[in-house]
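Inspection log for the structure reproduced underneath, given as structure tokens.
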Amino acid sequence: MKSHPPEPGSDPAAQDTESGGADNAGPPPPPLRALAGPVRGRLALAVGLQAVAALAGVVPFIAVSRIAERLTAGGQADGDDLWPLVALACASGFVALVCGTAAGALAHLADNDLQLSLRRRLARHIGRLPLGRLTDRGTSEVKQAVQDDVSALHTLFAHTLLDVVSVLTAPVLIVLYLLTVDWRMALASLVPLLLGVFLFSRAMAGAAAQMAEFGAAVGRISAAAVEFASGIAVFKSFGRGRKAHERFVRATEGFADFFSGWVRSTLVTSTAAILVVAPAVVLLLLTVLGTVFITQDRMAAAELVPFLLLGPAVAAPMGVVGPRIQQIRAAQSAAVRITELLDAPTLPEPTTPTLPDGHHVSLRGVSFSYDGHTEVLGDVDLDLEPGTVTALVGPSGSGKSTLASLLPRFHDVTAGTVTLGGAELRDIPATELYRRVGFVLQDVRLLRASVADNIRLGRPDATAEEVERCARAARIHDRIMELPDGYATELGTGVTLSGGEAQRLSIARALLADAPILVLDEATAYADPHSEALIQDALSALAAGRTLLVIAHRLSTIRSADRIVVLEDGRVTEQGRHDDLLAADGRYAALWEAQRSAGPDETDGAPRQRSTPARADRAADDIREGSAR
Ligand code: ADP
């Protein structure tokens, strides 16, 4: 029985749902019912078969108790009396076996189909979500829904559901039969069950609040553990190793105090609940009561046998009710998360698909808000002439990444328009848009596939020569040749690339995809100057002949951009060429001065690891020259 607090480490998300308590085991809430919809017929059939199996499973015990009754009843037991009972036991045992197996198979097959169709629906839907949603929430939400949550539904539909049917039906038949033997003893066999339910409910009282606190305490430990792991180097390097784990220790101590307090407060009731339904205790109770009845001639001795055989099974379901409630709650939470993801609005498909005419990008009166209230971009007008480099600069949080993300349509604008070749982005079919707009982000995602396939992502039909040409231009070819299988090396299976190498691979990918417009989030931190130099070379290859929108973290690298756009609080406060902006002595000049005095590593407030300013300036010139070619 699980009337005590959950095991530390169990999934709090699965527990802190809805109201808590045994009442949660009721009919499934709408999300769960809705998701099960397509297989509901088969699940209902499985439930029916399982009920038959559970009832048939009781019959052999009834038959055996009748045989035992007759054998112990004194008089001569007649084979003609006994063999039909043996046959009945065998037949019903066989029926139980067949129906139970069929129910299990049916539930598993239904669940298998459900998992397949859910995963397909999720994959289709995720593919149509705005890219911004996936980059905002990360891939963990997707992994959770597609893998963990669908598995939680499997546990419910393929296992828990049938278990619950068994524990609810078998005791009913047992009690009905026992009532026919001796109604007083039958009622007595119900006492442990009722007492168990009462004590269990007492132990679970207030569980919802405790579960919430349990989840919060586990969350505090996780946060402190992450902080501990990521900050330990800094603390140690300043000789404050102990300081690093203080918060973690406090969080674990807090959890231990809370948990032991919870255990203490429920210990007596939960132990009592476990005790009263334990088979040995029930057996003892029925034996003592039966002996009293027999010695007082209120009951025949042989009539005690069915109670000793079947009595403990009446209260037994209480022993499994706790874990089953936990599984039902986990499935409810999973269904809510899956439904939320399936309900997340997709990018609207164009009503009147339009193809861009040329590659001129124009933003007019663009405003954007993530939450519908706080404006992150306001009234932005911007033109990206084909073949030019435009750099976005400004303090951290000024909206550079948000503005850049509008071009590959990670989000749709809240107000205003973004057009490409005269067509509104919303009207350009996604495949056409991504043929024209590429992006290289700092956070490079490599697929679990061969190096060549990773590069080929944007053009799966590219030849090996084309792949190699782009890899050479992106300065990653030599590194690829050092890998065990060269271009055929599988990434993500033991072979990992450094951050700088992964970025060069993503540049090779963008080169091969050959989108005429490119959004580039300039990498902020390189592993070493050599890698940085290679990346800058790769970027200059990428800039050649393309329209580039660069999120610039280092002003030195974009000195020769065609247009530098200064963003502050989501508004364009200045734009122009480097020299003109310096001469204007405005915000850009101040940023430039601040960077120079803070050192070449600092532009938007974010610290950089290393820099090679001379090299970066040269690369900026390369970009300039490349784009002019
Ligand atoms: P920058 O790139 O200049 O550092 P961002 O575009 O990342 O600026 O952020 C601009 C503002 O939008 C910041 O206030 C930031 O907190 C907010 N913001 C960025 N991404 C999100 C998001 N996914 N959801 C909500 N707010 C966001």
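The values are calculated or read from the model by the stated rules, or taken from the named source; none is laboratory data. What you are looking at is a predicted structure, and each value in this text was computed from that prediction instead of being measured. A quick note on method: Cβ atoms are made from the backbone with ideal geometry, for glycine too, and the neighbour counts reach across all protein chains shown.
Is it true that some residue in region 230-239 is within 39 Å of the chain's Cα centre (by Cα), at pLDDT 80 or above and of a type in the set (A, V, I, L, M, F, W, C)?
Step one: of region 230-239, the residues within 39 Å of the chain's Cα centre (by Cα) are 230-239.
Of the ones still in play, those that are also at pLDDT 80 or above are none.
Taking every residue of region 230-239 in turn, none turns out to be within 39 Å of the chain's Cα centre (by Cα), at pLDDT 80 or above and of a type in the set (A, V, I, L, M, F, W, C).
Considering each residue of region 420-432 in turn, none proves to be β-branched (Val, Ile, Thr), within 16 Å of the ligand (Cβ to nearest atom) and modelled with pLDDT under 90. Residue count for region 34-71, restricted to those that are closer than 19 Å to residue 82 by Cα and either touching a Leu at 6+ places or on another chain (Cβ under 6 Å) or not assigned by TED's automatic domain parsing to the domain that holds residue 92 (or both): 6. The C-beta contact set for region 540-565 (first residue free of Cβ contacts under 8 Å to residues at least 60 places away in the same chain, second residue of a type outside the set (Gly, Ala, Ser), distance under 7 angstrom, 6+ apart or interchain) comprises 553/522; 553/524; 553/603; 553/604. Filtered by the rule that a residue be part of a helix (DSSP H, G or I) and over 17 Å from the mean Cα position of the chain (by Cα), region 116-130 gives 116, 117. Of the set (1) at positive phi; (2) under 33 Å from the mean Cα position of the chain (by Cα), all apply to residue 475 but (2). Residues of region 292-312 that are surrounded by 20 or more Cβ atoms within 10 Å (Cβ to Cβ) and either under 36 Å from the mean Cα position of the chain (by Cα) or within 17 Å of residue 281 (Cα to Cα) (or both): 304, 305, 306, 307, 310, 311, 312. Cβ-Cβ contacts under 6 Å between residues 6 or more apart (or on different chains), taken from a first residue in region 403-423 that is more than 12 Å from residue 131 (Cβ to Cβ) and assigned by TED's automatic domain parsing to the domain that holds residue 370 to a second residue that is more than 14 Å from the ligand (Cβ to nearest atom) and among the small types (Gly, Ala, Ser), are listed as 416/365; 419/362; 421/358.
Considering only region 368-376, I want to know if a residue exists there that is within 16 Å of the ligand (Cβ to nearest atom), of a type in the set (S, T, N, Q) and not assigned by TED's automatic domain parsing to the domain that holds residue 150.
Filtering region 368-376 down to residues within 16 Å of the ligand (Cβ to nearest atom) leaves 368-376.
Within this subset, residues satisfying the condition of being of a type in the set (S, T, N, Q) are 369, 374.
Next cut, not assigned by TED's automatic domain parsing to the domain that holds residue 150 only: 369, 374.
Among the residues of region 368-376, at least one is within 16 Å of the ligand (Cβ to nearest atom), of a type in the set (S, T, N, Q) and not assigned by TED's automatic domain parsing to the domain that holds residue 150, which makes the answer yes.
Of the residues that sit in region 422-460 and are within 33 Å of the chain's Cα centre (by Cα) and among the acidic types (Asp, Glu), which one is farthest from residue 500 (Cα to Cα)? Here the residue is 427.
Test residue 125 against the stated conditions and say whether it is free of Cβ contacts under 8 Å to residues at least 60 places away in the same chain, away from the ligand (no atom under 16 Å from the Cβ), of a type outside the set (S, T, N, Q) and assigned by TED's automatic domain parsing to the domain that holds residue 42. The answer is no for residue 125.
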